[in-house]
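Read the structure below first, then the notes.
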Amino acid sequence: MTARSIVVVSGGLSQPSSTRMLADRLADATVSALAERGVEARVTVVELRDLAHEVVDMTLTGYARGGLADAQEALAGADGVVAVTPVYTASYAGLFKSFVDVLDKDTLRGTPVVLGATGGTARHSLVVEHALRPLFAYLGADVVPTGVFAATDDWAEAGTDDVRPLPDRIRRAGEQLAERVAGREPARRVGLYDAVPSFEDLLGA
Amino acid sequence: MQFGIFSVGDVTTDPTTGRTPDDTERVRAMLTIAEHADAAGLDVFATGEHHNPPFVPSSPTTMLGYLAGRTKNIVLSTATTLITTNDPVRLAEEYAMLQVISGGRMDLMMGRGNTGPVYPWFGKDIRQGIPLAIENYALLRRLWEEDVVDWSGKFRTPLQGFTSTPRPLDGVPPFVWHGSIRSPEIAEQAAYYGDGFLHNAIFWPMQHTAQMVNFYRERYEHYGHGRADQAIVGLGGQVFVRTSSQAAWDEFRPYFDVAPVYGHGPSMEDFTRETPLTVGSPQQVIDRYGAFWEQVGHYQRQMFLIDHAGLPLKTVLEQIDILAEDIVPVLRAEAEARRPADVPANPPSHAERVAAARAAGKLPAATAAAADHWTGRTAEDDLDAADAATVR
């Protein structure tokens, strides 16, 4: 059986990045939960920081170059996606949105996705729900119920959340993504030329 | 192999002088460029069609009709003719008129157009782009091939007993290309009819271009027009050439950096590495373009965009001279040397198409104006009838 592909999109702009840390943990939780189900998974990480120039270039020229083309290809063939952005000015980071803007509109249609965000304080906690979730609903992604927001304090040993500490939330989100991924046929990359109707059909349409 | 230039007719401020030509100056510059290309010995001049500033060429057949009278050898073409927003009846008439006026020294390239507002301005819906391209082109072909057409479809009023005039020259319609960058449906359309396919690669890595061209080639063979490697392929490209590479880079960079199409995006270094844009010496252009066939097979037409981004007319004319003297003869010889004998060297000329139609029995032995089926038979028909009577 071929391994499932989990693609991690990390919109963190600093290095090291807490966004990348959260993204990696979500990916690990997903891979572990898949392993428990007997499903092997391999992880591809897309660091938007490395693609920043190419993303902006594509907004101006309309074509993807270099690593951006590879990232788009990986997402189009993903069985599951972990998407995490830092919070900038009450929403997802501009680079994260620009990356989404240059995706083909059907790239994530039906793809299981877990959403995450990082920010300085817990006051931004709902950004996953009021900003990220509508964006991915528009893309037609199959977003799992648990979104994970990590504030700076969440990274402390005990965290600030007594009810549902960060590791719990990460584990639960990973479980949910794994459940969706395991329950589906492996993604088949649909190429530009795979679904072209014959010209007789086009004429008759 | 043919080599030509195509213009989008953009009115752009020259960033080195701050000067902007007006529409009249730009249209006249396009005419001068085409006449110069003819005199210099390039094979093709093609004009775009646009209906929004900053582009001036809204009326290709007016421009090409004038050029037909002013030039001697160059093939006059389009890049592209909007098959979606133009009425196919008008296209049939206008391009048949151009074919007659130019003595068959023309062809044309269909495209859908990618400027959203142009569709509603002409009463069309961009979401219907592909269905419009398919229905309109199917009608256009019938109007050229059949003397009297009854037709109804989704996108225009029905026709009853309609004859498009003038009839195509010698009874053979113009050769048609289909241009598309991303839509395999259009490559499929070109293959279905056995028409030419041009991939305007100017913003795309050659790998993408090769995939699209090879898809067209496979489908061309599928539809029985010949082998895949015999299909008629064209590529777009763009160059800026000076004697030395450094001189070319220094002179072109200010234009590249602020050009509406690629300014403020990728660096010229990145863009020249990843797309067919070649800035450098004639030998560098020869090396780059002389290698494209390795990815797309032997192709019949290479078009260069050279008069954009605010480059002054004098510079554009110098580019034409360098292309014609130092680049095209070498590339043409190289292409001819490696071309398999049974792969067409060039797109079919009008004379070749007439000969082929005659050989296939699709034309009367002596070409006559076709009967219009309204006023009765032509004199030639009557002669044939008289001959038949005599034999009997």
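Summary of computed values
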{"quantity": "Protection-proxy order for peptides A:180-192, A:129-141, each taking the mean of Cβ atoms within 10 Å per residue, highest first", "calculated": "A:129-141, A:180-192"}
{"quantity": "Full-stretch length increase - A:R189, A:L103 - with 0.36 nm per residue and alpha-carbon distance subtracted", "calculated": "29.5 nm"}
{"quantity": "Fraction of alpha-carbon pairs over 21 Å apart in segment A:1-152 - percent", "calculated": "40"}
{"quantity": "Per-residue HN-Hα couplings for segment B:254-271 [Karplus 6.51, -1.76, 1.60; θ = phi - 60°; Hz; x = Gly/Pro]", "calculated": "x, 6, 4, 4, 10, 4, x, 7, 9, x, 6, x, x, 5, 4, 4, 5, 5"}
{"quantity": "14 Å cut-off, amide nitrogen to a point 7 angstrom out along B:A359 Cα→Cβ, residues in segment B:208-228", "calculated": "B:226"}
{"quantity": "Shielding by other protein chains, B:131-139, mean Cβ within 10 Å", "calculated": "2"}
{"quantity": "Spatially proximal lysines relative to A:K97 (Cα-Cα < 23 Å; intrachain offsets below 8 disregarded)", "calculated": "A:K105"}
{"quantity": "Computed label-point distance, nm, for sites B:K72 and B:E325 using a 7 Å Cα→Cβ extension", "calculated": "1.8"}
{"quantity": "Extension gain (nm, one decimal) between B:E294 and B:A351, 0.36 nm per residue minus Cα-Cα", "calculated": "17.5 nm"}
{"quantity": "Relative contact order %, chain B, counting alpha carbon pairs below 8 Å whose residues are six or more apart", "calculated": "18"}
{"quantity": "Among beta bridges that DSSP assigns inside segment B:17-159, antiparallel share in %, nearest 5", "calculated": "10"}
{"quantity": "Partner chain coverage, peptide A:55-66 - average Cβ within 10 angstrom", "calculated": "6"}
{"quantity": "Sorted peptide list for B:332-344, B:84-96, criterion being average Cβ within 10 angstrom, highest first", "calculated": "B:84-96, B:332-344"}
{"quantity": "Note, ³J(HN,Hα) from phi for segment B:325-339, Karplus 6.51, -1.76, 1.60, rounded to Hz, x at Gly and Pro", "calculated": "8, 10, 10, 4, x, 5, 4, 5, 5, 5, 4, 5, 5, 9, 6"}
{"quantity": "Distance cut-off 15 Å, percentage of C-alpha pairs in segment B:1-47 lying past it", "calculated": "50"}
{"quantity": "Spin-label proximity, A:W155 to segment A:20-36 - amide N less than 19 Å from point 7 Å beyond Cα toward beta carbon", "calculated": "A:20-29"}
{"quantity": "Proximal aspartates and glutamates to B:K124, defined as alpha-carbon separation beneath 12 angstrom and excluding residues fewer than eight positions away on the same chain", "calculated": "B:D87"}
{"quantity": "Length released on extending from B:D14 to B:Q128, taking residue separation times 0.36 nm less the Cα-Cα span", "calculated": "37.3 nm"}
{"quantity": "Over chain A: helical MRE at 222 nm, DSSP H runs n ≥ 4 each giving -39500 (n - 2.57), nearest 500", "calculated": "-12000 deg cm²/dmol"}
{"quantity": "Rg followed by Dmax, in Å, when the protein assembly as shown is reduced to its Cα trace", "calculated": "28.9, 111"}
{"quantity": "Average beta carbon contacts from partner chains per residue of A:111-119, 10 Å cutoff", "calculated": "0"}
{"quantity": "Where a label projected 7 Å from the Cα of B:H222 along Cα→Cβ would reach, residues of segment B:181-200 with amide N under 20 Å", "calculated": "B:181-199"}
{"quantity": "Value of [θ]222 nm, deg cm²/dmol, for chain B, DSSP H segments ≥ 4, -39500 (n - 2.57) each, nearest 500", "calculated": "-13000 deg cm²/dmol"}
{"quantity": "Ranked by how many other beta carbons lie within 10 Å on average, peptides A:90-100, B:63-73 from highest", "calculated": "A:90-100, B:63-73"}
{"quantity": "Set of lysines with alpha-carbon distance to B:K314 below 29 Å, sequence-local pairs under 8 removed", "calculated": "B:K72"}
{"quantity": "Amide H contacts under 5 Å for B:V239, placed H, 5+ residues apart", "calculated": "B:T278, B:L305"}
{"quantity": "Farthest positive-ward along the protein assembly as shown dipole, Cα basis, beta-carbon charges - from B:V148, B:P276, B:A248", "calculated": "B:V148"}
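Read the figures in this text as sums done on the coordinates, not as results from a lab. What you see is a predicted model; the values in this text were computed from it and never measured. Cβ coordinates were reconstructed from backbone atoms using ideal geometry, including for glycine residues, and neighbour counts include every protein chain displayed.
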